Each structure stands twice: as C-alpha cells, then as structure tokens.
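Engineer: The structure that follows is given in the form of structure tokens.
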Amino acid sequence: MGRRKKGQPISGWVIIDKPKGMSSSQVVGKVKWLLDAQKAGHGGTLDPLATGILPIALGEATKTVSFVMDGAKIYRCWVRFGASTTTDDAEGEIVERSDVRPTAADIQAVLAEFEGDITQIPPVYSAIKIDGKRAYKRARADEDVEMPSRVVRIDSVKLIEMLEPDLAVIDVHCGKGTYIRALARDLAVRLGTQGHVFDLRRLQAGPFNESHAISLDSLETLRHSAPVNEVVLPIMTALDDIPELALTEVEAGKMRQGMPVPAVTVLKRTPDLQVAFGQTVMAMDGNTPVALARIDGGEIRSVRVLNL
C-alpha cells in the first residue's frame, strides 16, 4: 500500500506578488505550507532582487507550467549607469566604473537595436547549467565560466523616464529565456558606459498580470477566512489560448487511461474549431480538464493526463 502524500490535493494557480529578498523557491515553499498543498512549483524564476508576478502551480497544474514559462513576459527595469557588477545587478560587487552618463535621447536612439530576435550572453551568475553544474555555483567557486550565447525574442523596449541622471526606467516585452540583466549590461555597453539592473519588477507572466496577484501576507490572512477556491485559480486560467475538445464520458475514461480516441469523431462535434496537426489541445469532460493532448495520425493522444 502506497504512502499517503502529505498535504491537501489542491490543483490550480496562485499568483504571488513576490517580495524583494526571497528566492522563487522560498516563495513556492511558503505557499505550499500556507495552503497545506501536496505539490507546488513556479512558472518562471525571479531573482531575489526582483518583485512582481510569480505564478505558483499547485497539484495537477504543475503539468501545465511550461505553457506559462513559454508565454510572453513584461518587465519594468531600473538601469543604473556608471558601474558594472559581477552579477549584472545591484546585489553584485562593482567590477568596473565609467563617468559616461547617457541622456534620454541617447537611450532612445539605440533601443530599437535590442528589439526582435537578438543574441544574448546570459549573466555568469545564472541558473544555466554548464557541464552539468549551475553557472552561479561555478562563479561562486571562482571557476572560469564561459557562457554560451543564445537567441531570445524581445518584442519591445521602451524608455519610461529618467529618474536621475544615471537611472533610467525601461519596460521590456519579451519571450522565454530573456535575461533582463544581460539586456541592461549590453545596453550600457552600447551607450559607451557600464551599467546594471538596480531594480526589477515583473508585470506579467503568460496570461497572469497584477490583477491576478496576491501578496504572501494577504494569502496568510485569507487562508484563515476564505475558501481555497477564492485564492486558487482554475488550471484552465493558464490555458486560455489552447483549443478545447469535448469528449464523451467513455472517451474521457479512455484518455485518463492513456488510450487514444478517434480524432474525426471528436472534431465533428465542433466543426468550426480549427486545430492544426500536432497542435496541443485540452481534452475536456464537461468542465473538467482530462488531458493535454495532440492529434497524431487520426487519433487524439494524451500528452499529460490530469488526475482531477
């Protein structure tokens, strides 16, 4: 007989407004403890320096995390010009200084160069694995770390204001894998100076924005007075862009057991739904998600079964 898992079988999303100074893993642990949840994970790391939208997946929602991580992100970044640091943010030690202070006009003139598909070299202090070991662990051990470049997508970079002669506020709309610290560093170099992220806030992650967010303090207060479903968003909240296919009870039973069902039969029920071959869909039993699935060779096959 299997050992019973500790905690409650809660499935869904809690969107935390992450406070400064906590790691993403620490926030996950706190949410899991506050809600007494069996399983939890996050939908995209935020550095301890950063605040803002940190989606926490609970239970079966952890099977859909990739859809949030692959979604668009929006950041507000405070870039301090005049010094570069070991970590490319304010938590690192200063390694080089410059007296050059770009004006707002200088910054505006080069921002378009950082839009589109661009090549970045991630910060040495990052969670990327180099030969099986986290880069930041190698850096802390004073190892020489050569970071491989990567192509990332930045849809827009906008200068919001200059708070001080050496402090610019920019908004960044970007895709998966973009390092804002690398963007700040490279922007400063392009402007003939040094720079780093002084502060950072994530405004949106996938479908989640500040309107969905709750602070850890508020969550701790509400857990004593509000039902869990008032705090935890449904799994489907993260999957708004995924087509839904309606199954019969028999078909749903088959998919829960990992068996395929005929695509033609299911698609006939929703003739207006356009689904491309290989596209991810959500198989539904009424209002209950059954499985993330794909159409393959005339059949709908489950990719991840949701035990709800």
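Yes/no matrix, rows are residues, columns are (1) over 20 Å from the mean Cα position of the chain (by Cα); (2) surrounded by 13 or more Cβ atoms within 10 Å (Cβ to Cβ); (3) more than 20 Å from ASP199 (Cα to Cα):
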position	(1), (2), (3)
GLY116	no, no, yes
TYR125	no, yes, no
ASP142	yes, no, yes
VAL145	yes, yes, yes
ARG153	no, yes, yes
ASP171	no, yes, no
GLY177	no, yes, no
ILE180	no, yes, no
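Engineer: Quick check: is even one residue across region 195-216 buried (at least 18 other Cβ atoms within 10 Å of the Cβ), of a type in the set (Gly, Ala, Ser) and farther than 30 Å from GLU91 by Cβ?
Structural biologist: No.
Engineer: Tell me, which residue of region 127-137 that is surrounded by fewer than 16 Cβ atoms within 10 Å (Cβ to Cβ) and among the small types (Gly, Ala, Ser) is nearest to ARG190 (Cα to Cα)? Spell out the reasoning first.
Structural biologist: Taking region 127-137 first, the residues surrounded by fewer than 16 Cβ atoms within 10 Å (Cβ to Cβ) are 127, 129, 131-134, 137.
Imposing the further condition that a residue be among the small types (Gly, Ala, Ser) reduces the set to 127, 132.
Details: ALA127: 25, GLY132: 32 Å.
Among those residues, the one meeting the criterion is ALA127.
Engineer: Could I ask something else about it? Take GLY116 and decide whether it is under 30 Å from LEU35 (Cα atoms) and of a type in the set (Gly, Ala, Ser). Reasoning before the result, please.
Structural biologist: On the way: under 30 Å from LEU35 (Cα atoms): no; of a type in the set (Gly, Ala, Ser): yes.
No.
Engineer: Among ALA263, ALA291, ALA252, ALA246, which is of a type outside the set (D, E, K, R) and within 22 Å of VAL65 (Cβ to Cβ)? Give the steps one after another, and end with the answer.
Structural biologist: Values: ALA263 fails: within 22 Å of VAL65 (Cβ to Cβ); ALA252 fails: within 22 Å of VAL65 (Cβ to Cβ); ALA246 fails: within 22 Å of VAL65 (Cβ to Cβ).
Answer to the selection: ALA291.
Engineer: Still on this structure, please answer the following. Could you list all residues from region 264-286 that are at pLDDT 80 or above and in contact with a Lys or Arg (Cβ under 9 Å, 6 or more places away or on another chain)?
Structural biologist: The answer is THR280, VAL281, ASP285.
Engineer: Still on this structure, please answer the following. For region 277-292, check the following and say yes or no: at least one residue is without any contact (Cβ under 8 Å) to a residue 12 or more places away in the chain, outside the structural domain of THR64 (by TED's automatic domain parsing) and either polar (S, T, N, Q) or part of a helix (DSSP H, G or I) (or both).
Structural biologist: Checked against the condition, which is being without any contact (Cβ under 8 Å) to a residue 12 or more places away in the chain, outside the structural domain of THR64 (by TED's automatic domain parsing) and either polar (S, T, N, Q) or part of a helix (DSSP H, G or I) (or both), region 277-292 yields at least one hit.
The values are calculated or read from the model by the stated rules, or taken from the named source; none is laboratory data. Because the structure is a prediction, the values reported are computed rather than measured. Glycine gets a Cβ as well: all are built from the backbone with ideal geometry, and neighbour counts include every protein chain shown.
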